[in-house]
Every structure is written in C-alpha cells, then in structure tokens.
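S.K.: Take a look at the following structure, please.
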Amino acid sequence: MLRTIDEALNYIEQQKIERKKRLESLNVFVCVGTGCAAKGALKIFSALKELFEKNNINAKLQKLEGDESYVKRTGCCGRCSDGPWVIVMPYGYFYSKVTPEDVKEIFEETILKGRTVERLLFTDPATSEKVFSLEDAKFFKAQSFYIMEEIGKCECDNINDYMGRGGYLSFLKVLKEESPDKVVQMIKDSGLRGRGGAGFPTGVKWEITKNSKGDKKFVVCNGDEGDPGAFMNRTLLERDPHAVLEGMLIAAYTIGAQKGYAYIRAEYPVAVSMFRKAIEDAKKLGLIGDNILGTGFSFDIEIKEGAGAFVCGEETALLASIEGKRGVPRPRPPYPAQTGLWGYPTLINNVETYANVPKIIRDGVENYRKRGVPNSPGTKMFSVTGPVKLTGIIEVEFGTTLRQILFDICGGLSEGEEFKAVQIGGPSGACLSDAYLDLPLDYDSLKSAGAMVGSGGIVVLSKKTCMVEVARFFLDFTKRESCGKCIPCREGLMQSYRILERFTQGKGTWQDLENLEFLANLIKTASACGLGQTAPNPILSTLRLFRNEYVSHIEGICLSGMCTALKKYVINPELCKGCGLCARSCPQGAISGERGRPYSIDQDKCVKCGLCFEKCKFKAIEIR
C-alpha cells in the first residue's frame with residue numbers, strides 16, 4: 001500500500017519505465033471485450049497462456065516484475081465484427097477473426113519465429129488489402145483517439161499498466177497542488193460538456209455541487225447506457241475502467257464528497273467485473289479508502305447494478321433506483337446538485353465525461369481545447385450501425401462531419417445500398433437527410449438542426465428504409481420505456497404510436513397526420529423529464545424532412561417498399577412462363593392460372609408473405 005503522495009509518484013514513474021520495457025519486448029494482447037468474448041476470445045487467451053507456460057516462454061524472456069505472463073487482456077478496439085483480435089508486440093501485428101484453432105499457428109510462426117500469419121492479418125475494407133498493424137487500417141487511421149488512447153496496447157485489468165500510461169498522476173497532482181476551486185475553474189475553462197446527452201457544462205455542475213451545503217455529498221457515475229445499438233460506455237468501462245475511476249476521485253475531492261456510486265447496467269457483466277476489479281486494485285494501493293495517501297481526504301465507492309430500465313438513464317430516476325425505490329423521475333428544481341441522494345448534494349456525470357477529466361488535468365486546458373471546436377472541445381465516442389462497410393465504436397473530434405464519419409472512417413455504404421438518412425442521438429434522436437451530411441457534429445450545430453448528440457448512437461439508413469416505419473420503431477421503444485408518471489408521455493406516446501401503426505398499415509388519414517404533429521409537439525413541451533421531452537424527435541424530424549413519405553402512405557404507397565401492408569405483388573405477363581411454381585408455393589391459394597399461360601394473383605387473398613417472389617426463377621413477380 002502506498003502511504004504518501006511522493007511514494008505514489010515514485011511508484012508511477014517506476015511503472016512508466018516497466019511498461020516501456022514491456023512494449024519493447026514480446027507481448028500478446030487479446031481483446032476480451034464483450035463482442036470478442038462472445039466469439040471465443042477467452043478460449044484464445046487461455047490457449048495462448050497455456051502454450052507460453054508449456055514452452056517455458058515466460059521464464060526464457062525473464063518476466064518483468066509484476067508480470068504474470070506475456071499474454072495480456074486488452075479492451076474493445078471498436079470493430080467487434082472482425083474480432084476476436086490478437087495484437088503481437090513489439091511487431092504490432094494485428095490479427096482479426098482469430099479462432100482457438102489459430103492459436104497454435106500464431107504461437108509457432110509469430111511468437112517463436114517472429115513471422116506473420118498473413119491469412120489472419122486484418123483486411124482493410126477500404127483498400128481490400130492486408131494491413132500489418134492497427135494504425136495502417138483506414139478505419140483506425142481516420143479517427144482521433146484520445147479517450148481511447150493506446151488502443152489495442154493497454155491492459156484493461158491491470159492498474160500498473162494504467163499507471164505506466166500516466167494514470168492517477170492527475171489525481172495526485174490535484175491532491176498535492178490544486179485547491180478544489182482551482183480544479184473547478186480548470187474544468188470550466190476546458191469547456192468540457194456532459195457526454196451523456198444534454199451537453200450541460202461539466203464545470204458549472206461541479207461548481208453548483210461544491211457550493212451546495214450538506215453534511216454529506218455524493219459522486220455518481222451514470223453508466224446506465226440504455227440506447228439500442230449504443231455501447232460507448234460499455235466499451236470504455238471494459239477497456240479503461242481506471243480512467244473513469246480516476247475522474248470520479250478527482251470529482252469527489254473537488255466537491256467534497258465522501259461516497260461514490262457507479263450505476264452500471266446489469267446487462268454489462270464484463271464492464272461490472274472490470275470496474276469492480278479496478279476499485280479493488282485502487283484500494284490495495286491506498287488510492288481509495290480513509291485518509292488517502294495521508295492527505296485527510298477519504299472516499300469510498302461501490303457499484304449499483306441497474307435492472308435495465310431505460311428511464312433510469314435520467315438522473316433523478318437513477319438516484320431513486322440507488323436509494324432502493326422505483327426508478328421514476330421527479331420534478332426539477334431542486335436539481336441533484338442541490339438535493340440528490342437521500343437529500344444530499346450529488347454530482348452525476350456520464351462514464352465518458354469522467355474519463356475526460358484526468359486528461360484535462362494531465363494535458364492542461366489549452367492542449368485539451370486544441371481538439372474539437374470552441375463551443376464543444378475534445379472528442380466524442382460514437383457507435384455507428386447500419387448498412388455501411390465498417391460499423392462499430394469510433395472516436396472523433398467534435399466538428400467532424402457526418403460525411404467524414406460515414407465515408408472516410410466507415411468506408412461508405414455497403415454494396416447495393418444508397419444513403420437516405422441517419423438517426424443520431426439514440427432512440428430519442430432526430431433523423432437527418434443527406435442535406436446534413438456536411439453538418440459539423442457538435443452540440444450547438446446539431447441542436448440548430450433539430451437533433452442532438454445524445455448518447456452518441458448513429459444509425460445509418462438506406463433508401464430501402466421507410467422513414468414512417470423508423471419513427472414507429474423508435475416510438476415503440478420509448479413508449480415501452482416510459483415510467484408512466486406523467487400523462488403527456490404515458491398517453492401521448494401511446495396515441496402517437498397507434499397513429500404511426502395506422503400509417504404503416506395503409507390506414508393513415510390526413511387527420512391522423514395533423515393529430516400526429518400536434519401530439520408530438522405537445523409531448524415535447526409538456527412531459528416531465530428528458531425521456532418524454534425527446535421521445536417525439538423521430539416523429540418531428542421525419543415530418544420535417546420526409547413528409548412526402550407520410551403523404552404517400554395516406555395515398556396507399558410506401559416509397560421504400562418496406563411496409564408489408566402497402567406492398568402489392570403482381571405477375572408480369574410478359575415474363576411469366578406459366579410454370580405454376582408460384583401457385584404451388586402460395587400458402588393462401590391466392591395464385592391461379594393455366595399451365596403454360598401467365599398466372600395472376602388475387603389481391604384479396606394475398607397475405608404478402610413474399611414466397612412467390614422468392615420462388616419465381618424468371619423474375620416475373622414484381623412488387624408495386
């Protein structure tokens with residue numbers, strides 16, 4: 001256990017030296033994030049470790065002090081679909097889609113002989129060429145790694161590795177040199193804004209909490225990442241839990257908190273496990289506990305696992321859940337910074353927000369503000385899904401455009417797909433058309449476009465997608481997740497959903513269109529919390545930018561052909577050979593005709609299952 005700040009500083013300097021030596025010698029990093037673990041990464045890790053021990057490699061290489069093995073666990077690299085990943089240092093060889101069966105070849109060729117296994121090298125979809133290292137792939141090269149620094153080369157479960165990267169130096173600097181008022185000013189000057197969605201200035205929130213009077217104060221980390229398709233927080237907690245923990249320690253010292261809670265979804269077992277180990281390791285070194293490093297500052301932290309309610313991402317609902325109550329939002333003011341957990345001042349920040357704090361202290365305000373744009377400094381992690389060549393977690397500077405993300409980083413749309421829109425900001429985000437491809441991604445620019453950064457989810461939509469169905473899909477989620485406390489959200493979302501259902505079933509009317517717009521604006525204005533206030537965004541944005549699709553649905557046409565109820569299967573008599581295969585495939589007996597002559601479809605009997613379309617060898621069946 002470290003007993004003084006100077007002792008801790010010396011320990012960190014020693015870890016920096018040891019880590020430099022490690023990266024210059026043989027090390028194998030295996031990604032054990034959720035995505036890779038689901039594809040067998042833990043078996044790969046165990047098999048490699050077994051081969052190292054069986055061949056006495058660890059002894060031959062004279063392990064450095066504190067090293068258990070030269071086989072290391074690393075966190076998510078952002079491209080789960082190409083995992084499991086194995087990175088071999090010092091060569092930097094970057095192997096993708098590794099299986100347990102590949103381990104022996106990697107060991108014999110790369111570990112023992114230093115040669116590459118070319119078939120396992122990552123194939124860059126942008127060039128269709130094999131790349132030797134992570135930095136050579138366009139997907140990674142075009143990003144701005146800051147929060148995700150040392151990607152693929154850091155140990156996710158080793159506090160010494162984090163210290164070797166300068167970890168906890170910021171916390172020690174604050175304890176030794178900076179007053180709470182000065183830390184608050186640094187965070188304010190940095191321009192850091194909350195990464196959880198609203199983008200509220202972090203320094204202002206810290207200042208309010210610090211100045212609020214209370215016998216006790218709490219620090220809470222909001223890791224309740226409930227947006228479908230978004231897993232930035234999970235990735236960060238799995239790959240660099242100590243960065244989040246250090247940010248919480250700095251926050252606690254600054255506002256005068258004695259206790260902290262990390263609220264993490266129970267559906268993230270790897271993240272929970274990694275963060276729990278980070279807390280335990282920090283306690284062993286004396287960085288958490290009573291009278292930390294002899295400074296008189298005491299702080300303890302525990303994990304609260306969320307039960308999966310989306311509404312608990314809202315800060316007051318989250319606090320209610322920690323208190324053991326039902327996760328329901330309460331009116332504000334008073335804000336949690338004034339009256340939070342059990343009535344005491346409570347600081348709540350997002351996982352990514354806390355991870356920024358040590359880097360601001362480490363690099364200084366001026367260096368931090370060199371990234372991003374003046375009103376939104378720094379970087380942001382985004383989760384990109386949909387029909388693009390490369391999906392996954394990315395990190396870019398604020399001010400990067402959608403076009404740069406989709407075409408420079410993600411390689412453009414998949415073959416046969418054409419861009420139509422993006423839905424940004426999670427299920428409560430807005431849909432933006434191609435007119436916004438060159439819009440800089442930052443809090444203010446997106447707000448001016450009627451959208452928001454939100455959690456950082458980006459869902460790409462092609463021209464095969466019906467925007468009315470997109471609005472219905474996301475509203476189906478938010479209406480289910482509404483806590484039901486306030487009438488505008490509870491009843492308004494349900495009624496809006498029913499209207500959208502009628503549209504997708506071909507039953508929408510002009511009155512429905514008018515009612516839908518009225519309801520969406522009402523819900524946005526009158527709802528009690530952020531869930532209800534933002535849930536209508538998919539409706540309002542699609543009405544504004546894709547109103548023609550709603551009109552076409554009223555006229556009985558789905559322009560994308562996605563809505564089953566509006567599909568019409570017809571047989572082109574010029575192409576039909578009269579083979580009867582379609583008639584034999586139809587489960588409803590809706591197709592009839594004489595063999596050798598064109599068949600026809602009875603539209604009243606047709607259930608639009610599409611079997612006839614799939615079975616026809618002559619492409620005679622068309623969808624209209």
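S.K.: How many nm is it between the label spots at Glu105 and Gln511, if each spot is 7 Å from the Cα in line with the beta carbon?
M.R.: In this crude spin-label approximation the distance works out to 6.7 nm.
S.K.: Considering the dipole of the chain built from charges on the beta carbon (Lys and Arg +1, Asp and Glu -1) around the Cα centre, which of Met452, Ala320, Phe503 is farthest to its positive end?
M.R.: Highest projection toward the positive end goes to Phe503.
S.K.: Take the Cβ-Cβ distance between Arg330 and Phe200 as r, set R0 to 22 Å, and report the resulting FRET efficiency rounded to the nearest 0.05. If you can, show how the numbers build up before the last one.
M.R.: Details: r = 18 Å, r/R0 = 0.81.
Result of the calculation: an efficiency of 0.80.
S.K.: Take Trp510, Trp342 and sort them by solvent-accessible surface of the protein heavy atoms, 1.4 Å probe, largest at the top.
M.R.: Numbers: Trp510 150, Trp342 125 Å².
Accessible-area ranking of Trp510, Trp342, largest first: Trp510, Trp342.
S.K.: A follow-up question, please. By how many nm would the segment from Glu267 to Asn367 grow when fully extended, if each residue of separation counts as 0.36 nm and the alpha-carbon distance is taken off?
M.R.: This chain segment gains 32.3 nm when fully extended.
S.K.: Give the ranking of Glu481, Glu225, Glu415 by solvent-accessible surface, highest area first, calculated with a 1.4 Å probe.
M.R.: Numbers: Glu481 45, Glu225 15, Glu415 180 Å².
Descending accessible area places them as Glu415, Glu481, Glu225.
S.K.: I've got another one for you. Which of the pairs Lys389/Lys479; Lys507/Lys567; Lys464/Lys619; Lys138/Lys359; Lys389/Lys568 have their Cα atoms more than 22 Å apart in this structure?
M.R.: Working: Lys389/Lys479 32 Å; Lys507/Lys567 13 Å; Lys464/Lys619 19 Å; Lys138/Lys359 26 Å; Lys389/Lys568 31 Å.
Pairs exceeding 22 Å: Lys389/Lys479; Lys138/Lys359; Lys389/Lys568.
S.K.: Could I ask something else about it? Using per-residue counts of other Cβ atoms within 10 Å, averaged over each peptide, order 154-164, 575-585 from highest down. Present the calculation step by step, with values, prior to reporting the outcome.
M.R.: Numbers: 154-164: 23.3, 575-585: 16.4.
Taking the mean over residues of other Cβ atoms within 10 Å, the ranking is 154-164, 575-585.
S.K.: Quick check for me: using +1 on Lys/Arg Cβ and -1 on Asp/Glu Cβ, what's the dipole size of the stretch 242-393 about its Cα centre, in debye to the nearest 20? Don't skip to the answer; put the middle values down first.
M.R.: Details: 18 positive and 14 negative charges, 77 e Å.
The calculation lands at about 380 debye.
S.K.: Have a look at Leu441, Asn515, Phe477 and report the one farthest towards the positive end of the charge dipole of the stretch 408-551, computed about the Cα centre with Cβ charges (Lys/Arg +1, Asp/Glu -1).
M.R.: Final value for the positive-end residue is Asn515.
S.K.: Let me cross-check Ser298: its accessible surface, 1.4 Å probe, with only protein heavy atoms counted, in Å² to the nearest 10?
M.R.: 40 Å²
S.K.: Let me ask you something else. Please give the length that would be gained between Glu177 and Glu302 if that part of the chain were fully extended, namely 0.36 nm times their separation in residues minus their C-alpha to C-alpha distance (nm, one decimal). Write down the numbers at each step before the final one.
M.R.: Numbers: separation 125, 0.36 × 125 = 45.00 nm, distance 2.73 nm.
Contour length minus Cα-Cα distance gives 42.3 nm.
S.K.: Which whole-Hz couplings ³J(HN,Hα) result when phi for each residue of the stretch 135-144 is put into the Karplus expression 6.51 cos²θ - 1.76 cosθ + 1.60, θ = phi - 60°, listed in order with x for Gly and Pro?
M.R.: With the stated coefficients, the stretch 135-144 comes to 5, 7, 7, 4, 4, 8, 5, 7, 8, 10 Hz.
S.K.: ³J(HN,Hα) across the stretch 220-225 via Karplus (A = 6.51, B = -1.76, C = 1.60, θ = phi - 60°), whole Hz, x for Gly/Pro?
M.R.: These are the phi-based 3J(HN,Hα) values: 10, 9, 8, x, 8, 7 Hz.
S.K.: Any idea what angle helix 180-190 forms with the longest principal axis of the chain, computed on alpha-carbon atoms, 0 to 90 degrees, nearest 10?
M.R.: 40 degrees
S.K.: List the residues whose amide H sits under 5 Å from the amide H of Gly199, counting only those 5 or more places along or on another chain, with H placed 1.01 Å from N in the peptide plane.
M.R.: Gly194
S.K.: How far is helix 241-255 tilted, in degrees, relative to the longest principal axis of the Cα atoms in the chain, given as a value from 0 to 90 rounded to the nearest 10?
M.R.: 70 degrees
S.K.: Could you work out the Kirkwood radius for the stretch 422-468, taking every pair of different alpha carbons, averaging 1/r and inverting it, reported in Å?
M.R.: Details: mean 1/r = 0.0922 Å⁻¹.
Answer for the stretch 422-468: a Kirkwood hydrodynamic radius of 10.8 Å.
S.K.: With a 1.4 Å probe and all protein chains left in place, how much accessible area per residue does the chain have, in Å²? Provide the component values of the computation, followed by the final result.
M.R.: Working: 25660 Å² over 624 residues.
For the chain, the per-residue accessible area is 41 Å².
S.K.: Next question, about the same structure. Rounded to the nearest 20 debye, what is the charge dipole size of the stretch 190-310 about its Cα centre when +1 sits on each Lys and Arg Cβ and -1 on each Asp and Glu Cβ? Write out the running numbers ahead of the final one.
M.R.: Working: 16 positive and 15 negative charges, 60 e Å.
Using only the charged Cβ atoms, the result is roughly 280 debye.
S.K.: Which Cα, out of Asn537, Gly492, Cys576, lies furthest along the positive dipole direction of the stretch 449-601 (beta carbon charges, K/R +1, D/E -1)?
M.R.: Most positive-ward Cα: Cys576.
S.K.: Set the Förster radius R0 to 22 Å, insert the Cβ-Cβ distance between Asp215 and Glu323 as r into 1/(1 + (r/R0)^6), and round the FRET efficiency to 0.05.
M.R.: On the way: r = 17 Å, r/R0 = 0.77.
The formula returns an efficiency of 0.80 here.
S.K.: Given R₀ = 56 Å, FRET efficiency for Glu13-Asn548 by Cβ-Cβ distance, to 0.05? Don't skip to the end; give the middle numbers.
M.R.: Working: r = 64 Å, r/R0 = 1.14.
Once the sixth-power term is evaluated, E becomes 0.30.
S.K.: Still on this structure, please answer the following. Can you run phi through the Karplus equation (6.51, -1.76, 1.60; θ = phi - 60°) for the stretch 19-27 and list ³J(HN,Hα) in whole Hz, with x for Gly and Pro?
M.R.: 5, 4, 5, 4, 6, 8, 10, 6, 8
S.K.: Note the direction-averaged projected area, equal to a quarter of the hull surface, for the Cα convex hull of the stretch 219-324, in nm².
M.R.: Answer in nm², one decimal: 6.5.
S.K.: So if I restrict to the alpha-carbon atoms in the stretch 128-222, what is the Rg, and what is Dmax, the biggest pairwise distance, in Å?
M.R.: Looking at the stretch 128-222, its Cα Rg and Dmax stand at 18.4, 62 Å.
S.K.: While we're here: Kirkwood Rh, the chain, all Cα pairs: how many Å? List each step's numbers first, then the result.
M.R.: Values: mean 1/r = 0.0375 Å⁻¹.
The Cα-based Kirkwood calculation yields 26.7 Å.
S.K.: With a 1.4 Å probe and all protein chains left in place, how much of the accessible area of the chain comes from carbon and sulfur atoms, in whole percent? Spell out each step's value before the answer.
M.R.: Values: 12600 of 25660 Å².
The computed percentage sits at 49.
S.K.: Ranked highest first by the average count of other Cβ atoms within 10 Å around their residues, in what order do 314-320, 328-334 fall? Please report the intermediate quantities before stating the final value.
M.R.: Values: 314-320: 25.3, 328-334: 15.0.
For the peptides 314-320, 328-334, the packing ranking is 314-320, 328-334.
S.K.: Another question about this same structure. Given charges of +1 on the Cβ of Lys and Arg and -1 on the Cβ of Asp and Glu, with all other atoms neutral, how large is the dipole of the chain about its Cα centre, in debye to the nearest 20?
M.R.: Numbers: 84 positive and 77 negative charges, 226 e Å.
In debye, rounded to 20, the chain gives about 1080.
S.K.: Just the accessible area for Lys284, please: 1.4 Å probe, Å², rounded to the nearest 10?
M.R.: Ignoring ligands and nucleic acids, Lys284 comes out at about 140 Å².
The values are calculated or read from the model by the stated rules, or taken from the named source; none is laboratory data. Since the structure is predicted, the reported quantities are computational estimates derived from the model, not experimental observations. Positions of Cβ are generated from backbone atoms using ideal geometry, with glycine treated the same way; all protein chains shown enter the neighbour counts. With ligands, DNA and RNA removed, areas are computed over all heavy atoms of the protein, side chains included. Shrake-Rupley method; radii C 1.70, N 1.55, O 1.52, S 1.80 Å.
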